[in-house]
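In what follows, a structure is listed as structure tokens, so that the remarks can point back to it.
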Amino acid sequence: MTVDTDRIPLKISRYTEGQTTDGYDEYMVPYNEDWVVLDALNYIKDYVDGSLAYRWSCRMGVCGSCGMMINGKPKLTCSAFLSEYYPDPIVVEPLANFRVERDLIVDMDDFIHKLDSVKPWLIEGDSVPPANREYKQTPAQLAKYKQYSMCINCTLCYSACPVASNEPEFVGPAAIALAQRYNLDSRDSGKEQRLDVLMANEGVWDCTFVGECSNVCPKGVDPAAAIQQAKLESALAYAKSLIMPKGNK
Amino acid sequence: MRSIKHDILIIGGGGAGLRAAIAVSQENPDLDVAVVSKVYPMRSHTVAAEGGMAAVIKPNDSFEDHIYDTVSGSDWLADQDAVEFFVRTAPSELIQLEHWGCPWSRESDGSVAVRPFGGMQIERTWFAADKTGFHVLHSLFQTTLKYRSLQRYDEWMALRLLTHDGRCQGVAAMELRTGRIVPILAKAVIMCTGGGGRVFPFTTNAAIKTGDGMALAYRAGVALKDMEFVQYHPTGLPGTGILITEAARGEGGILVNNKGHRYLSDYDLGKPLPIDHHDHPKNRTMELGPRDRLSQAFIHEQTKGNVFEGPHGTYVHLDVRHLGESYIEKKIPFVRELSNNYGGVDPVHEPIPVRPVVHYMMGGIDTDIEAATTLPGLYAAGECACVSINGANRLGSNSLTELLVFGAQAGRNAAIFAQQHGISGENDLLSQTQDEINRISELLGNRAGDEKIADLRNIMTSALEEGAGIYRNAEGMQKACTTITELRKRSKNLKLDDTSLSYNTELTSAIELDFMLDIAETVTFSALRRKESRGSHQRTDFPERDDDEFLKHSLAYNTDDAPRIEHKDVVITNLPPAKRIYGGGK
Ligand SMILES: Cc1cc2nc3c(=O)[nH]c(=O)nc-3n(C[C@H](O)[C@H](O)[C@H](O)COP(=O)(O)OP(=O)(O)OC[C@H]3O[C@@H](n4cnc5c(N)ncnc54)[C@H](O)[C@@H]3O)c2cc1C
Ligand code: SF4
Ligand code: FES
């Protein structure tokens, strides 16, 4: 690829079912400093090669669908500006640690299943307010879990996670952060049920606390901190369960 | 061909669709429910809603006030029975969402906090900082996970409604992963596919907002109501169209032109109070006027040369600097993030460049207060539906509430319908699916075509912007109608580069373009027929509201030719049509 002052080279990983070798296509895209990588992909799709497949929707960093590897790092393509890379070539690949379905699209089934497995809904306790009244929750109580409620399910953290790459069973950063989001919510009483899931062997114990997940998270969720907290709580719960078998407290 | 069967089928996994799904299970847990969505539910565009969600909850507020604000905001085109039901049901729906875990922002005593919003007399907009829709959608999605009777078809795209015996009984849908097209049959169907802002070039709407469900219903013979009413939000970032929420003004932000003047004071929106005045921002005044009036004011300022010129067109300034960094971080952090990332300014230190941007479609599938359409077995809710509580201009923060109120209404009523009806005429339903398979195969295999999707889409969106923008006239609209009719023909001749079946996103774009052309034609033809100015539909050739002729909903029906436009009366109960007054008094 040659350097061109108003254009920028993109090298994009391509895959169609049945393909056996790794394949890349290279495109020259007009360079526009306002453009994000997603704009470049859209340009290619609209004017150069309509067969390029990738996911996107909101193009404002909130729907979580446009995550890809850009020069080897997991990023939201709608938040990664061409100007961060120009004039060097940009390599775009599907998110690491996921099975590729097509071009830049990966299989999300397993991730969705993991989210579901941590029971990410409010589990009511004994003191539910009447139907015409809200729970009281002070700003300080809200602040306890707020950060963990900001996850957009983009799965960048799974692509960055060394445990996820070795142990596909690992429930993973975002799912654990989501479990903590409810565990720490003053309205919730489901912590014990969720810890059961996390304590299972594909749970939090596998994390070696590398913290890569928090580094790549575009929303400041800090899943690594959630994992540490969950570990601590699971250890306590485990110790407690040895003394007091469940249902017998 | 094998069919899939469910009691109830919901098309769309946004706020409306998920609320409907839960409502079915609440009504009758034995009913099995399918939710078909072309994206994973949490990617739905409800996720992008920022500012908040209106419901009367505080002691200083009243149902009457919320009703009045909504009806006057609608320029009297809303159906008042529907508005009344909406306003009265809203609080319990929002509290329920609170019980499901939505992280609402709070007062120091732990009760939910409310903020002012445009066109509302009293602060009644609940919010979760400025990511309300994101939290609403994720709370709903996570809550649906506990209902095991609910089966999701994520990344399946609805292509055509299946009808037999005068009833809607399912949909032909394509699994995007494999490209296979399957009939999903059901005793009742609920359409929750959201809006279609993508028919315009400059919009806050996500790529998926292509009006699919509206087009599906239209093709099945249901009218699209009030399609000419398209909301321009006054504050989008130039270039990208990314929304800067009205909450920025609700918290005290001001709009200023290139002379440093708070120009809204020149447009019957009241007098500007100083930014440090204890009454600023004043409800229903200046920056808290309704969106239609604010967007129109921009156009006048542009004509007067009072706007800034930038690489992405003209703009004015939205200034929130006086709120200070810590307040901005607490109340509108996303505004800061978006302005920084996509507008290149930090609102703590600089004003934000903004201009009007297409945001919301007031019109949609003609439904009644029961969320039922005229096709038995088909219900609709959310932005794709038109009940109508929004009339000629929606008030900010009423839409998210509408998703819950009418999503739940649709779910309950569909559940009742499904218990009284079975699936009939399966062979007919399968043969309709086969027709659809043939149609899509033809599109996929058309080697002779020579039209590009992007070209046709660009022509369509420019035609709408030019012909059906903030100010309209007969000549411009006529031209847009002609262009859309031509594009219809040209779209038969598309050429696709992608011939594969798995995640053929070029094919889905082609299908979406076809849906959008339906939306575009109903917008332009309905607009042409409404010879008055009301709310968001402003005509330079008919500048006045005309209640004698047009206190009526427009109904656009599909034909082989141009749409047939009919009209029907608006429901007026307690509030006879009056002048809309902002900037003081009612
Ligand atoms: C940027 C932005 C900010 C906003 N802020 C506010 C606010 O603060 N307050 C407020 O009240 N309103 C706000 N609105 C408006 C409000 O968010 C929307 O009107 C509302 O979220 C629409 O919800 P919905 O459930 O009807 O549709 P969506 O959330 O758009 O969901 C549509 C669903 O239908 C599915 N679908 C569509 N077509 C097909 C098909 N062919 N086959 C299968 N599935 C399909 C999609 O996958 C998706 O799941 C905002 C809108 C925007 C764009
Ligand atoms: S924790 Fe962060 S990186 Fe992981 S899915 Fe959520 S938002 Fe994405
Ligand atoms: S497109 Fe939605 S997060 Fe990037």
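Tabulated values for the structure
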{"read-out": "Antiparallel DSSP beta bridges within chain A, percent to nearest 5", "value": "85"}
{"read-out": "Per-selection Kirkwood Rh - the range B:504-586 (Cα, Å, 1 d.p.)", "value": "15.5"}
{"read-out": "Largest-first principal axis extents of the Cα set of the range B:429-478 (Å)", "value": "45, 29, 14"}
{"read-out": "Average projection area in nm² (convex hull over Cα atoms of the range A:109-243, one quarter of hull surface)", "value": "9.0"}
{"read-out": "Relative compactness, chain B, computed as alpha-carbon Rg over 2.2 N^0.38 Å", "value": "0.92"}
{"read-out": "Kirkwood Rh in Å, taken over all unlike Cα pairs in the range B:82-172", "value": "16.4"}
{"read-out": "Order of A:Cys154, B:Cys384, B:Cys192 - criterion: other Cβ atoms within 10 Å of each residue's Cβ, fewest first", "value": "A:Cys154, B:Cys384, B:Cys192"}
{"read-out": "Cut-off 18 Å (backbone N to label point 7 Å along Cα→Cβ of B:Arg447), residues of the range B:461-495", "value": "B:493-495"}
{"read-out": "Fraction in percent of alpha-carbon pairs per bin - 5 Å, the range B:161-279", "value": "2, 8, 12, 15, 13, 11, 10, 9, 6, 5, 5, 4, 1"}
{"read-out": "Förster-model FRET efficiency, 51 Å R0, B:Gln434 and B:His322, C-beta, rounded to 0.05", "value": "0.20"}
{"read-out": "Near-label residues of the range B:303-326 by backbone N, under 20 Å of a point 7 Å along Cα→Cβ of B:His277", "value": "B:318-324"}
{"read-out": "Local electrostatic count at B:Ser37 - Lys and Arg +1, Asp and Glu -1, tallied over other residues with Cβ under 15 Å", "value": "0"}
{"read-out": "Rounded FRET efficiency, nearest 0.05, which uses the C-beta distance separating A:Lys11 from A:Asp34 and R0 of 25 Å", "value": "0.70"}
{"read-out": "Principal-axis tilt of helix B:291-303 within chain B, Cα atoms, nearest 10 degrees", "value": "70"}
{"read-out": "Over the range B:25-119, equivalent-ellipsoid semi-axes from the Cα gyration tensor in Å", "value": "26, 20, 16"}
{"read-out": "Reachable aspartates and glutamates from B:Lys146, criterion Cα separation under 16 angstrom, eight or more residues apart if same chain", "value": "A:Asp116, A:Glu124, A:Asp188, B:Glu27, B:Asp30, B:Asp32"}
{"read-out": "Virtual spin-label span in nm between B:Glu544 and A:Arg99, 7 Å along Cα→Cβ", "value": "6.8"}
{"read-out": "Set B:Lys38/B:Lys479; B:Lys271/B:Lys304; A:Lys119/B:Lys330; B:Lys38/B:Lys452; B:Lys5/B:Lys495 screened for pairs whose C-alpha atoms are more than 31 Å apart", "value": "B:Lys38/B:Lys479; B:Lys5/B:Lys495"}
{"read-out": "Unit Cα scatterers, Debye sum, the range B:431-550: log10 I(q)/I(0) for q = 0.10, 0.13 Å⁻¹", "value": "-0.40, -0.60"}
{"read-out": "Counting DSSP beta bridges with both ends in the protein assembly as shown, the antiparallel % (nearest 5)", "value": "70"}
{"read-out": "Ranked list, fewest to most other Cβ atoms within 10 Å of each Cβ, for B:Phe127, A:Phe170, B:Phe63", "value": "B:Phe63, A:Phe170, B:Phe127"}
{"read-out": "Estimated inter-spin distance, B:Ser3 and B:Ala578, nm [label 7 Å along Cα→Cβ]", "value": "5.3"}
{"read-out": "Size of electric dipole in the protein assembly as shown: Cβ of Lys, Arg +1 and of Asp, Glu -1, about Cα centre, debye, nearest 20", "value": "1080"}
{"read-out": "Centre separation in Å (Cα based) which lies between the range B:268-315 and the range B:1-33", "value": "43"}
{"read-out": "Between helix B:505-529 and chain B: long-axis angle, C-alpha atoms, 0 to 90°, nearest 10", "value": "60"}
{"read-out": "B:Ser265-B:Ala474 pseudo-label distance in nm [points 7 Å out on the Cα-to-Cβ vector]", "value": "4.0"}
{"read-out": "Ellipsoid equivalent to the range B:302-374 - semi-axes via the Cα gyration tensor, in Å", "value": "33, 21, 11"}
{"read-out": "Order of B:Phe141, B:Phe229 under a 10 Å beta carbon neighbour criterion, fewest first", "value": "B:Phe141, B:Phe229"}
{"read-out": "Approximate shape of the range A:38-99 as ellipsoid semi-axes (Cα gyration tensor, √5λ), whole Å, largest first", "value": "16, 15, 13"}
{"read-out": "Sequence ranges B:85-94, A:131-140, B:402-411, ranked by mean other-Cβ count within 10 angstrom, highest first", "value": "B:402-411, B:85-94, A:131-140"}
{"read-out": "Values of log10 I(q)/I(0), in the order q = 0.21, 0.27 Å⁻¹, for the range A:1-78 under a Debye, Cα-only, solvent-free model", "value": "-1.10, -1.49"}
{"read-out": "Cα point-scatterer Debye curve for the range B:248-356, base-10 log of I(q)/I(0) at q = 0.13, 0.24 Å⁻¹", "value": "-0.46, -1.44"}
{"read-out": "Peptide-level mean, for B:499-507, of C-beta atoms on other protein chains within 10 Å", "value": "6"}
{"read-out": "Rounded to 5, percent antiparallel among DSSP beta bridges of chain B", "value": "65"}
{"read-out": "Angle in degrees between helix B:474-490 and the longest Cα principal axis of chain B, rounded to the nearest 10", "value": "30"}
{"read-out": "Per-bin percent of Cα-Cα distances, chain A [5 Å]", "value": "1, 6, 12, 15, 15, 13, 11, 9, 7, 5, 3, 2, 1, 0, 0"}
{"read-out": "Cα-derived Rg to Rh of the protein assembly as shown, Kirkwood definition", "value": "0.94"}
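Each value in this text was obtained by applying a stated rule to the coordinates, not by laboratory testing. Quick caveat: nothing in here was measured; it's all calculated off a predicted structure. Quick reminder, even Gly has a Cβ in these numbers, built from the backbone with ideal geometry, and neighbours come from all protein chains shown.
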